[in-house]
Amino acid sequence: MAETENPSLPGISRAGFLQAFADYWWGAYKKVVVTPYDIATPKLAPGETLTIAVVSDLHADTRFMPMARIREVVAQANALKPDLIYIAGDLRAQDNMFMTPLPLEDVVAALAKLQAPLGVYAVLGNHDWWDDAPTQTSQKGPPVTAQLLRDAGIKLLINGAEALDHPSPIWLAGLDSQQAFERPKGTHDGADDLEAAIDGVPEDALCILLAHEPDIFATLPDRVPPGFIELVLSGHTHGGQVRLFGRRPVIPSAYGERFAYGYSREAGRDLIVSGGLGCSTLPLRLGVLPEIVHVTLRHGLIGQGDAS
């Protein structure tokens, strides 16, 4: 399974040149794409599937991600008719000279219209912490985003797990932000607790870890049996947000391009990193289209499937 990419100019056919050119320069302001992934696991019975729509990194602001666009994202996600929907954190936009955040209550009210038979789940992202001034001042949470999500009927997983109502044993484990508290010189402390997040999950269950930042994927401890956490679903990187000549100048990950975007498989586990929807710092996306990720898990040998 190769890493998938949003449209870019190099390597395209002549027939698709104009469309790719448009997508590269201003497509991010006009469209939201759906990116499919097909993941195989022996922990689902033959014929069983689980579909997940991932809505990540809205960074709801008046310019790039206004309420009308958020409502369109909600409609697109619902139209996929997934078994469950995962909101992968960072609802909040930064308040600076370039971006004006939308009222968080309005954003959550729009997200409350997401519908899926197995539920709508969420984790918190770093900006849900960073842009909540009281939590940074007091150095403790939870941020206001947490209560708003719960009040809206969205199942927030903060270092905890929940079994799905599915014929096969499937558990979702949710990890809090690994960069919740800002520190000097660009460092951060996390509010994450992996042990608490997976506590009580049966070892024979299919366990899907919901984690805003993908870096946890590289540090899952050896004591967790391979295949215990089989799939990690993340956002955070925005696919670099700006992609020039096939390179991403800025990637908010300690591992650089390794977990910048798309599909990775290491140590018997799968990782999918969404390119997200909104913008951080500047209302600018170049060469990275906003996306909703659509994951289908089905019966099969580990490592088989297609990410396209």
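Any residue in region 90-107 that is under 21 Å from residue 180 (Cα atoms) sitting within a Cβ distance under 9 Å of a residue that is open to solvent by 20 Å² or more (accessible area, probe 1.4 Å) and aromatic (Phe, Trp, Tyr)? List the pairs, counting only those 6 or more apart or interchain.
Qualifying pairs under 9 Å: 92/130; 94/130.
Tell me, yes or no, whether region 49-56 has at least one residue that is of a type in the set (Gly, Ala, Ser) and either loosely packed, with under 14 Cβ neighbours inside 10 Å or in contact with a Gly (Cβ under 8 Å, 6 or more places away or on another chain) (or both).
yes
Can you pull out the residues in region 205-256 that are in a loop (DSSP other than H, G, I, E, B), among the hydrophobic types (A, V, I, L, M, F, W, C) and open to solvent by less than 10 Å² (accessible area, probe 1.4 Å)?
205, 224
So which residues in region 163-200 are surrounded by 16 or more Cβ atoms within 10 Å (Cβ to Cβ), under 21 Å from residue 116 (Cβ atoms) and touching a Phe, Trp or Tyr at 6+ places or on another chain (Cβ under 9 Å), if there are any at all?
Those that are surrounded by 16 or more Cβ atoms within 10 Å (Cβ to Cβ), under 21 Å from residue 116 (Cβ atoms) and touching a Phe, Trp or Tyr at 6+ places or on another chain (Cβ under 9 Å): 164, 172, 174.
Among the residues of region 164-173, is there at least one that is closer than 19 Å to residue 212 by Cα, in contact (Cβ under 8 Å) with a residue 12 or more places away in the chain and among the charged types (D, E, K, R)?
No, that holds for no residue.
Give, as residue ranges, the helices (runs of 4 or more DSSP H) completely inside region 76-179 that count at least 1 residues that are modelled with pLDDT of 95 or more and within 24 Å of residue 191 (Cα to Cα).
Hits in region 76-179: 104-111, 126-130, 144-151.
Considering only region 257-284, how many residues are part of a loop (DSSP other than H, G, I, E, B), under 17 Å from the mean Cα position of the chain (by Cα) and not small (Gly, Ala, Ser)?
Total meeting the criteria: 3.
The values are calculated or read from the model by the stated rules, or taken from the named source; none is laboratory data. None of the values given here were measured: they were computed from a predicted structure. Note that we place each Cβ from the backbone using ideal geometry, even for glycine, and neighbour counts take in every protein chain shown. The protein model used for the area step is the full one, side chains on, heavy atoms only, and it has no ligands, DNA or RNA in it. Shrake-Rupley method; radii C 1.70, N 1.55, O 1.52, S 1.80 Å.
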